[in-house]
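Below: one structure, written as structure tokens.
The values are calculated or read from the model by the stated rules, or taken from the named source; none is laboratory data. Values in this document were obtained by computation on a predicted structure and should not be read as measured data. Don't worry about glycine lacking a Cβ; one is built from the backbone with ideal geometry, like all the others, and counts go over all protein chains shown.
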Amino acid sequence: METLKMPRQIDPTDLGIHILVDCKRPVIDIVAVHGLGATPSTTWTKAPKPQEHLDRHTELSITAPPTRANKFEDRINWLSNPKMLPANVTDARIMAFNYDSNWYGDDAIKVRLDHVADDLRRKILRQRKDCSSRPLIFIGHCFGGLVIEKALIQSQMSKILDGTTGVVLLGTPHRGTDNVTSGELLQRILRAGAAGEAASLTVLRTDNEMVLDAVHSFSTITRERNISVHCFFEQKSSKVSKMFGDDYKDFMVDEKSAILDGCERYGLPLDHYQLNKFSDPEDGNWRQLSEVITDLCDNAGQVLAKRKNDQPSTSKENEVRAERKRKRKREEEKQINNFSGRFSTKGGKQFIGGSFNSEGGTMNF
């Protein structure tokens, strides 16, 4: 029997929308959405560099050896660490949307894209009920990017789409990925004595028409709304079956699947599992990502202002159409007034009498 590394159990208190960073007067909201098989508490984190780790724990290392609990506490969350994203966007409220995505193991759950997207939409509406006009930027890793896209499609009649100005996608499989959806991987999980939800992986198949249609709709609404979309893709292969400890590597989401036509694209010399993990503010890969997010935040107000300024032009067109309608009505009333018709009764019978002016005189009937 193969040895399988089981996913960590999800803490129910980690689920839902969590505010990681807030400020007195936020002017923009940022929401990050993780992918399949992720642990919410660590998915956006990375261990610090060795020297930084030693500097932070010199006293601890003298008195006691590090424990397993310290291992995860030491990790740096780039969404909330003061030296990372908050240092670049000081006026942002930064949030993470977490959901149970363990598709294999003892607590395997059937993950459906539309259900997760609908949950994201509802929770954002509730979280932003008092600030729905505030600009909104999304960040999604892998499946999380598809969740964001589906949620925006579902929000076409809500204020979520109206407020969205930018989307950052990290290794999102718009055209699927065969390495994760292969039946061989699921069979290995079952042979290891663990449960697996194959249905959770169908959304990642290369021929999934529902996803292809959703991606097309997402591309359409982002163009119409002038929503800036930025796609990052991996340039290093990943350990495809890392839960088994295998060394076999391949691309989880290749460039073709990760990018969208008409959107900005960036390749990073990282594997799929590193695209959403940073700990060093001087890391060149982090700087490239942070610059994109910072620019989106800086331009968000202008994007919304432009949308608002575009509204009067639409109203003007409506006014022109209304004026044309009023003009037609006046012309119809004028024609009716020229017809001096009336109903009269003679001998118990009704008849219409009147006259029209014509070139040849008066026509009576």
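Among the residues of the stretch 251-305, how many are farther than 20 Å from Asp29 by Cα and among the hydroxyl-bearing types (Ser, Thr, Tyr)?
4
Which of the following residues is farther than 22 Å from Val31 by Cα, modelled with pLDDT of 75 or more and either of a type outside the set (A, V, I, L, M) or crowded, with 21+ Cβ neighbours inside 10 Å (or both): Glu209, Glu197, Glu184?
None of the others qualify; the one that does is Glu209.
Scan the stretch 253-288 residue by residue and report those that are of a type outside the set (Lys, Arg), without any contact (Cβ under 8 Å) to a residue 40 or more places away in the chain, farther than 15 Å from Cys142 by Cα and assigned to a helix (DSSP H, G or I).
Scanning the stretch 253-288 gives Gly284, Asn285, Gln288.
May I ask you to say which residue of Asn285, Asn276 is of a type in the set (S, T, N, Q), modelled with pLDDT of 95 or more, on the phi < 0 side of the Ramachandran plot and more than 18 Å from the chain's Cα centre (by Cα)?
Unique residue meeting the criteria: Asn285.
In the stretch 203-221, how many are closer than 17 Å to Gly144 by Cβ and β-branched (Val, Ile, Thr)?
The total comes to 3.
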